[in-house]
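Undergrad: Please find one structure pasted underneath; my questions will follow.
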Amino acid sequence: MNTVAIYHIKGGVGKTATAVNLSYLAALSGQRVLLWDLDPQAASSFYFRVKPKVKGGGQKLLHSDAGIFKAIRASDYDNLDILPADFSYRKMDHQLENKKILKRALEPLREAYDLILLDCAPNITYVSENIFRACNAMIIPVIPTTLSLRTLEQLTNYLQTKELTHMQLMPFFSMVDSRRKLHQDITKSLPEKFPDFLNTYIPNASEVERMGIMRAPLPVFANASKPSRAYCYLLVEIMGRLRKDRALKKPD
Amino acid sequence: MTQEAVIYALDSADQLTNWAERIAIATNAKILSSHEELVDITFLDSFDWLFYSAGVQLLAESRSGVDGKKILLRWVSGGSSKRSPAVLYLDRLPKTAADLPTGQMYDCINKQLGFRSLLPVASVHSRQIKLAILDKENKTRCRLILEHNYARPRGHNRSIDLGCRLRLEALLGYEKVFNKASKSLGKLKGVRRTQDDIFKNAVIVTGRTPGDYSSKIQVHLLSEWRVDRACREILLAQLNQLEKNIEGTIANTDTEFLHDLRVAIRRSRALLSRMKNAFPKSICHRFSKELAWVGEITTPLRDLDVFMINFPVNRDSLVPELRANLAPFYEFLCTHHKAEQAVLIKHFNSRRFANFRTKWRAYLEKPLPIRPRAGLSTKPIGEVADKRIWKTYRRLIREGKSITPDSPAEDLHELRKTCKKLRYLLEAFASLYSKKEIKKIINSLKILQENLGDFQDLYVQATKLRDFSQVMSEEGETRKEVFIAIRALIKNMLIKKKLARAEFAQRFSFFATAQVEKEFRRLCRRDISRDRKDPKKKKELKRNKTVGLTK
């Protein structure tokens, strides 16, 4: 099982759109996928039309095996389940002072799913530290702007200082406007500095914004659109990296 | 994910669209498609019903689907299973598990099927209307699929009506909605819950029944039957198995056709050799020779099959740099496989093979002679089977004990043959004994058989590989790296062979225990006190006691 976090310290970089589309496409490719909406804003849950409510709140979810299973909801799509957000997640920081609670909470789901995607809220908090320990890869959407890059540097420095090197970092460019000179320059120059950057980028397109109106993943209503195809390529690239990583870590 | 599904049979006199409206009102569901959707469903299984035996179904639904992919592969485990069905969109039907991407579907199929082939066993044409129970947010909380199914047997123009039905699917986390819908449907006129399976009906229409083939011996004997009658029944079942596998072997859709055909031959040969006194000498001699010939003509193709099946494992046993160099060897295997297949088809079409089949069948189906010449013929099979099994077991122990670390490979091969004979006897006469006891004994035997099998197969394969590389060289292969890779493969096999050889003593000691002897004694109704009175057996028992076999 792969546990992959979609995370960035900065908000509004396209984390939720990435989580929703990647989870849908991974499920379509035959993997059993669970998307956990960890953001109390509940945007992923909204996109999948799942009520953002967990009986007993985050506390029950994190400390009981049965609780986590009871909270899971089937999405409208085959192979894809949602663990919805709950407003109580805003207090999750207090419940996650121990940095391995989230990892332990995910343990019983190991057999049931091939891929668990964590749609994370921005900021670096105790929740983020738990996420870092629970996942084996982190997808980081980066808008090619100065502020977004600054936060990427902050994040990588933080992970290095805390010696959190077990996970694969997979930054990629999101909301790229190829007409803008700054976007062009950064998308060309940055991968040299960060060799882990994924080759695929997601273009800035109005179709992605329409996800909120359609309340469905992009391939469902705009399969042939540029960003929809870009998400397909992104998933292929991510799965390739995960497979490679697993092969390297596999003992002889 | 779908949790479970309940099937309801509907009165098919009414139209599907009318049913959709009635059900929508009764369950408060929304009709998702105003028109009927046409879906072609193909049920896939191995020819020996591996999925059906395991209580699962694999169906391929053909329709214009998401992402341009036309086939939806659906893995459905038994009704009581809480595990959600695996679903996968594909461009074309897979032939083996290897054609699938890694994931749940691959895991499910590979676990049951291994390297075996997927074959279409039945097909259904379905007209469907989809309904869903939605919440305020338009989220699906329960799925309802209305179907009118028709089966079309291969080669027939007319379809057979399999009736209308409704599939109610529960979704994870929304079980209450499912239960409520289920209650409402229970009250609806013309709707009744059913266990009827369209799979079974669709297979029956093709003239087969699910599970109608198994390579296991399914002959039910009675211990008071005459030996010749019992043996003929078993041999006839083996001839039937052989004939059922000819078409598949010729079509080459699954390597297991040839495997099962050869098993039938080996079982027949083992029975003829162990029970030769039950048949006239001339019959025994003549058909043993013919059976040996069929074994012989099928061996080259089976050898190539084994190499091709094991190729991925063998290739991965090499260091990564050498793996790609084996590609020409695989091509060589494919080319020779084609050639050998053609040779075998010629043999199968030969007069000798046809004669063998007709005459062997004629003999086996002939009425039993009232006064048979063969000495053993009229004895009760129960008694004779006891003796034969016991004798073969004793022979196995004797041969096994005589093997030392310096014994040649041929001795182990002989022991393997005895092992197989014992196994075939146990399987052939299983219906005379308690299922539990036979299973226990066969399981003990398997541990030894596996080791001997590994040793012998690796020995034969390493020798074969040497021959193949010689042939490749004669055929003009000059690339050094290819031969280096083959040599590395031979080396690996010889190392594994050595390991199997080193393990033999331990495996044999697991089998040659007082406990297993006790089990055989109980099975064959051998009384130890009776053996103690016999001076010959007394000596043997004494010898066994010193090595801790008999208490």
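Undergrad: Please find, among A:Ser148, A:Ser178, the residue that is among the small types (Gly, Ala, Ser) and assigned to a loop (DSSP other than H, G, I, E, B).
TA: Details: A:Ser148 fails: assigned to a loop (DSSP other than H, G, I, E, B).
Going through A:Ser148, A:Ser178 in turn, just one is among the small types (Gly, Ala, Ser) and assigned to a loop (DSSP other than H, G, I, E, B): A:Ser178.
To keep it simple, each residue is scored yes or no on (1) polar (S, T, N, Q); (2) not assigned by TED's automatic domain parsing to the domain that holds B:Trp293.
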site	(1), (2)
B:Ile217	no, yes
B:Asp228	no, no
B:Leu239	no, no
B:Asn245	yes, no
B:Glu256	no, no
B:Ile265	no, no
B:Ala270	no, no
B:Arg274	no, no
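Undergrad: A further question on this structure: What are the residues in the range B:144-167 that are of a type in the set (Asp, Glu) and under 14 Å from B:Glu37 (Cα atoms), if any?
TA: Initially, the range B:144-167 is screened for residues of a type in the set (Asp, Glu), giving B:147, B:161.
Selection gives B:Glu147 alone.
Undergrad: Take A:Ala216 and decide whether it is without any contact (Cβ under 8 Å) to a residue 12 or more places away in the chain, within 14 Å of chain B (Cβ to nearest Cβ) and not in a helix (DSSP H, G or I).
TA: Taking the combined requirement at face value, the residue does not satisfy it.
Undergrad: Now for a separate question. From the set of residues in the range B:1-12 that are modelled with pLDDT under 85 and under 9 Å from B:Cys164 (Cβ atoms), which is nearest to the other protein chains (Cβ to nearest Cβ)?
TA: Here the residue is B:Ser12.
Undergrad: Can you tell me which residue in the range A:219-237 is farthest from A:Tyr24 (Cα to Cα), limited to those that are part of a loop (DSSP other than H, G, I, E, B) and in contact with a helix residue (DSSP H, G or I) (Cβ under 8 Å, 6 or more places away or on another chain)? Lay out the reasoning, then the answer.
TA: As a first pass, look at the range A:219-237 and keep what is part of a loop (DSSP other than H, G, I, E, B): A:222-225.
Checking the rest, the ones that are also in contact with a helix residue (DSSP H, G or I) (Cβ under 8 Å, 6 or more places away or on another chain) come to A:222-223, A:225.
On the way: A:Ala222: 13, A:Asn223: 12, A:Ser225: 16 Å.
Step by step, filter the range A:219-237, then rank; the result is A:Ser225.
Undergrad: Let me ask another. From A:Ala26, A:Ala43, grab the single residue that is buried (at least 24 other Cβ atoms within 10 Å of the Cβ), within 18 Å of the chain's Cα centre (by Cα) and either farther than 26 Å from B:Leu131 by Cβ or more than 14 Å from chain B (Cβ to nearest Cβ) (or both).
TA: After ruling out the rest, the residue left standing is A:Ala26.
Undergrad: Being crowded, with 22+ Cβ neighbours inside 10 Å, more than 14 Å from every other protein chain (Cβ to nearest Cβ), modelled with pLDDT of 85 or more and closer than 24 Å to A:Thr18 by Cα is the requirement here; does A:Leu83 meet it?
TA: no
Undergrad: Same structure again: For the range A:146-181, which residues satisfy the criterion of being within 20 Å of A:Val208 (Cβ to Cβ) and free of Cβ contacts under 8 Å to residues at least 40 places away in the same chain?
TA: A:Pro171, A:Phe173, A:Val176, A:Asp177, A:Ser178, A:Arg179, A:Arg180
Undergrad: Let me ask something else. Out of A:Asn130, A:Asn136, A:Asn98, report the one residue that is polar (S, T, N, Q), crowded, with 19+ Cβ neighbours inside 10 Å and either more than 24 Å from B:Arg143 (Cβ to Cβ) or away from chain B (no Cβ under 14 Å) (or both).
TA: Unique residue meeting the criteria: A:Asn130.
Undergrad: Kindly state which helices (runs of 4 or more DSSP H) lie completely within the range B:231-329 and contain at least 2 residues that are within 23 Å of B:Gln341 (Cβ to Cβ).
TA: In the range B:231-329, the matching helices (runs of 4 or more DSSP H) lie at B:246-251, B:255-274, B:281-316.
Undergrad: Here is a list: B:Leu426, B:Leu445, B:Leu422. Which entry is in a helix (DSSP H, G or I), in the same structural domain as B:Gln506 (by TED's automatic domain parsing) and over 20 Å from the mean Cα position of the chain (by Cα)?
TA: B:Leu422
Undergrad: Can you tell me which residue within the range A:62-80, out of those that are within 9 Å of chain B (Cβ to nearest Cβ) and polar (S, T, N, Q), is farthest from A:Phe46 (Cα to Cα)?
TA: Among residues in the range A:62-80 that are within 9 Å of chain B (Cβ to nearest Cβ) and polar (S, T, N, Q), the one farthest from A:Phe46 (Cα to Cα) is A:Asn79.
Undergrad: I'd like the residue in the range B:142-176 that is without any contact (Cβ under 8 Å) to a residue 60 or more places away in the chain and within 14 Å of chain A (Cβ to nearest Cβ) and, out of all such residues, is surrounded by the most Cβ atoms within 10 Å (Cβ to Cβ).
TA: B:Gly173
The values are calculated or read from the model by the stated rules, or taken from the named source; none is laboratory data. Treat the numbers as computed from the prediction; the structure is a model and nothing was measured. FYI the Cβ positions are ideal-geometry reconstructions off the backbone, even for glycines, and counts take in every protein chain you see.
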